[in-house]
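*Asks:* Just passing along the structure, written as structure tokens.
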Amino acid sequence: MSDIILETKNLSVQFGGIKAVNDVNLEVHQGELIGLIGPNGAGKTTIFNLITNSIRPTSGDILFKGKSIVRIPPYKICRLGISRTFQNIRLFPQMTVYENVELGLHSKPQYSLLESFIRTPRAFQKEKAARKRALELLDLVNLCGHAHDKAGSLPYGLQRRLEIARAMATNPGLLLLDEPAAGMNEDECAELIELIRKIHSVMRYSIVLIEHHMHVVMELCRDYRIYVLSLGSLLAHGTPQEIQSNPDVINAYLGTRKTGMAQTGKGGK
């Protein structure tokens with residue numbers, strides 16, 4: 001059997017006369033940590049929206065574990081094992097940190113409404129297991145000390161961690177991270193790199209990462225591959241070293257070699 005967990009085939013989506021994604025082919029193998037980069041408007045988040053069926057493709061196909069998912073509703077895609085975070089944090093700010101994660105654990109029904117109402121032993125055991133799992137995930141992202149705080153009261157960097165924990169609560173096989181380092185300073189980026197490495201190692205997810213901070217992408221994907229989009233089309237793909245030295249990438253995304261990614265270590269937004 002192939003170890004390809006996600007594959008897009010000639011994936012395109014058009015809004016009016018604009019092709020936001022144009023004939024994109026990409027592969028994610030089991031256990032990989034893949035980078036997806038490109039300037040603003042390149043189509044990166046649109047690809048995540050296509051994968052999770054927030055929008056439908058105009059043409060092409062998306063395969064998850066070898067089966068097409070283009071006609072599957074978003075909640076079923078989540079249950080199949082694809083979870084994501086967002087550019088703009090989408091937490092429930094008035095709920096506690098713990099409750100936000102616990103909510104993710106209930107994306108797949110664990111027991112019936114009747115069992116919940118009459119408090120059967122099975123329902124009790126499932127709830128106990130959910131509480132334990134929620135605390136384990138909070139511990140993984142170093143948020144146990146904030147479990148009873150309101151999510152909206154957390155500093156920005158911790159809210160990013162919470163969103164990742166909630167995405168993990170759905171027990172995905174594929175985790176899509178949309179600009180997790182957005183708005184972070186260098187120290188926070190360094191902490192995030194270590195966190196994502198830890199999650200990748202411990203949870204063994206396949207991960208696709210959209211990020212504008214080039215040093216974050218280069219560090220996290222150094223043993224894997226990076227895809228580069230420009231104006232909705234695939235411009236290049238390869239190892240971080242190949243991407244850093246690709247003249248098309250440098251010209252389209254980073255300008256001249258004088259200010260290229262290899263020297264700056266970061267990408268602008």
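*Asks:* Once you wrap a convex hull around the alpha carbon atoms of segment 4-113, what is its projected area averaged over all directions, in nm²?
*Replies:* 9.1 nm²
*Asks:* With the Cα gyration tensor of the chain in hand, convert its eigenvalues to equivalent ellipsoid semi-axes via √(5λ) and list them largest first in whole Å.
*Replies:* Calculated on Cα positions only, the semi-axes equal 33, 23, 16 Å.
*Asks:* Here is a further query. Roughly what % antiparallel, to the nearest 5, for the DSSP beta bridges in the chain?
*Replies:* Here the antiparallel bridges make up roughly 60 percent for the chain.
*Asks:* Determine the gain in length on full extension of the stretch residue 70-residue 142; use 0.36 nm per residue of separation and subtract their C-alpha separation, reporting nm with one decimal.
*Replies:* 22.4 nm is the gain from fully extending residue 70 to residue 142.
*Asks:* Another question, then. Taking a spot 7 Å from the Cα of residue 90 along the direction of its beta carbon, which residues of segment 27-66 have an amide N less than 15 Å from it?
*Replies:* So the set is 45-56.
*Asks:* With just the Cα atoms defining each centre, how far is segment 151-187 from segment 10-45? Give it in Å.
*Replies:* 21 Å
*Asks:* Could you put 218, 168 in order of accessible surface area, largest first, with the 1.4 Å probe and the full protein assembly present?
*Replies:* So, going from the largest accessible area down, we get 218, 168.
*Asks:* Report the FRET efficiency, 1/(1 + (r/R0)^6), for residue 171 and residue 248, where r is their Cβ-Cβ distance and R0 is 30 Å, rounded to 0.05.
*Replies:* The value I calculate is 0.20.
*Asks:* A further question on this structure: Mind ranking 84, 133 by accessible surface for me, highest first, 1.4 Å probe?
*Replies:* So the residues, ranked largest to smallest area, are 133, 84.
*Asks:* Measure off 7 Å from each Cα along the Cα-to-Cβ vector at residue 203 and residue 190, then give the distance between these two points in nanometres to one decimal.
*Replies:* 2.5 nm
*Asks:* What pairs from 44/67; 126/150; 19/44; 19/65 go past 18 Å between their alpha carbons?
*Replies:* Over 18 Å Cα-Cα: 44/67; 126/150; 19/65.
*Asks:* When only Cα pairs under 8 Å and 6 or more residues apart are kept, what is the percent relative contact order across the chain?
*Replies:* 25 percent
*Asks:* Continuing with this model, one more query. Run through the DSSP bridge list for segment 1-115 and note the antiparallel percent, rounded to the nearest 5.
*Replies:* The antiparallel proportion sits near 100 percent.
*Asks:* Once neighbouring chains are kept in place and the probe is 1.4 Å, which whole percent of the accessible area of the chain is contributed by carbon and sulfur?
*Replies:* Solvent-exposed carbon and sulfur of the chain make up 52 percent of the total.
*Asks:* Here is a further query. Once ligands and nucleic acids are excluded and a 1.4 Å probe is used, how much of residue 248 is accessible, expressed in Å² to the nearest 10?
*Replies:* 90 Å²
The values are calculated or read from the model by the stated rules, or taken from the named source; none is laboratory data. Bear in mind the structure is a predicted one, so any value in this text is a computation, not a measurement. All Cβ positions, even for glycine, are placed from backbone atoms using ideal geometry, and neighbour counts span all protein chains on display. We work out accessible area using only protein heavy atoms, side chains counted, and drop any ligands, DNA or RNA first. Shrake-Rupley method; radii C 1.70, N 1.55, O 1.52, S 1.80 Å.
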